[in-house]
Amino acid sequence: MLKRLSFLCAALLAVSACSNNNDNSSTTPPPAPAPAATAPAAQPPAASTAAAPAAASTAAPASAGTTAAAPAPAPAPATPFVDDGKWVEGKNYYRIDPVQPKLTNTDKVEVVEVFSYGCPACNQFHPVMNKLVQELPSNAVMAYLPASFMPQENWPMLQRAYLTAQALGVADKANDAMYDAVWKTNELSAMAPGGRGLKPSSALPSLDDAAKVYAKFGADPKEFAAVANSFTINTKVKRSDELVKAYGVEGTPTIIIDGKYRLDRGSAGGDEQTIELVKWLVSKEAAGK
């Protein structure tokens, strides 16, 4: 019974988000996002000076001998803010009160996806995120915040692996490949063979397994292991968890705008609506409204 319930997130693939709820006593689907959550008493540390990765690659990793991919298209120009009443605060998006620090030190409008490679809803949403990255205006930047609140599905390892890859400069290059490693090739999957429940904790994929995926993009496995267990990454893991809580994230994927607004595909009303709403909030924030 406990094994079945611990696999709640993967079993709810059709649900719009993986719930931030480790209570295995409930089998009900995660609720819709509540209005702006109260920030925790302890404030997260000041924003890191390390920049988040560039926009996720929208092409599959090139194999040896293939020609280089064409350069990404130029960002769209910033659009003026127009409020026609379509998007409603408290219904389609939620204000984070008080405003929290950005994930990065950018002076542009920051769009953050709170995610996990181990989250089935994030995997399903990933093509939408790639499309959103392509459509963001030039006054906005994309960043990624890995969550860890489903340890039974190996999210803490995937979080640490992402932060390590980010420090080594390969996280953005391997973004698509990491989803594939969990959900297509199953080399980083927490699922037992045949999809019958979860692997025991002793058999879950390790950082060494994740390093093999990142090695395809230039990361040295030995260096990866050393960096993954460093004080720097330990600090980043702690800060990531603090920001997830401070942003009021109740499930993944969730999108945060400038540490001020929170939304997800459920509150937005669908995938295309999510893209439209994010771009609208970027224009709203850029206009100082």
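The values are calculated or read from the model by the stated rules, or taken from the named source; none is laboratory data. On a predicted model such as this, the values are computed, not experimentally measured, just so you know. Please note: Cβ atoms are built from the backbone with ideal geometry, for glycine as well, and neighbour counts cover all protein chains shown. Calculation scope for accessible area: heavy atoms of the full protein, side chains included, ligands and nucleic acids excluded. Shrake-Rupley method; radii C 1.70, N 1.55, O 1.52, S 1.80 Å.
So the values come out like this:
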read-out	value
Residue that is more than 18 Å from the chain's Cα centre (by Cα) and modelled with pLDDT under 95, where the choices are ALA211, ALA226, ALA192, ALA203	ALA192
Top-ranked residue in segment 148-176 [being assigned to a loop (DSSP other than H, G, I, E, B) and under 30 Å from ALA286 (Cβ atoms); ranked as most open to solvent (accessible area, probe 1.4 Å)]	LYS173
Among (1) open to solvent by 10 Å² or more (accessible area, probe 1.4 Å); (2) of a type in the set (Gly, Ala, Ser); (3) part of a strand (DSSP E or B) - the single one GLY85 does not satisfy	(3)
Flag for ARG265 being of a type outside the set (S, T, N, Q) and within 19 Å of VAL99 (Cα to Cα)	no
Scope segment 247-268; condition assigned to a strand (DSSP E or B) and small (Gly, Ala, Ser); matching residues	GLY251
Subset of segment 267-289 [touching a helix residue (DSSP H, G or I) at 6+ places or on another chain (Cβ under 9 Å) and open to solvent by 20 Å² or more (accessible area, probe 1.4 Å)]	GLY269, ASP271, GLU272, GLN273, GLU276, LYS279, LYS289
Residue match in segment 126-147 (condition: at pLDDT 95 or above, crowded, with 22+ Cβ neighbours inside 10 Å and farther than 19 Å from ILE275 by Cα)	yes
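Residue by residue, here is whether (1) among the hydroxyl-bearing types (Ser, Thr, Tyr); (2) under 23 Å from GLY270 (Cβ atoms) holds:
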| site | (1), (2) |
| --- | --- |
| GLU89 | no, yes |
| TYR94 | yes, yes |
| PRO101 | no, no |
| VAL111 | no, yes |
| SER116 | yes, yes |
| PRO120 | no, yes |
| MET129 | no, yes |
| LEU132 | no, yes |
| LEU136 | no, yes |
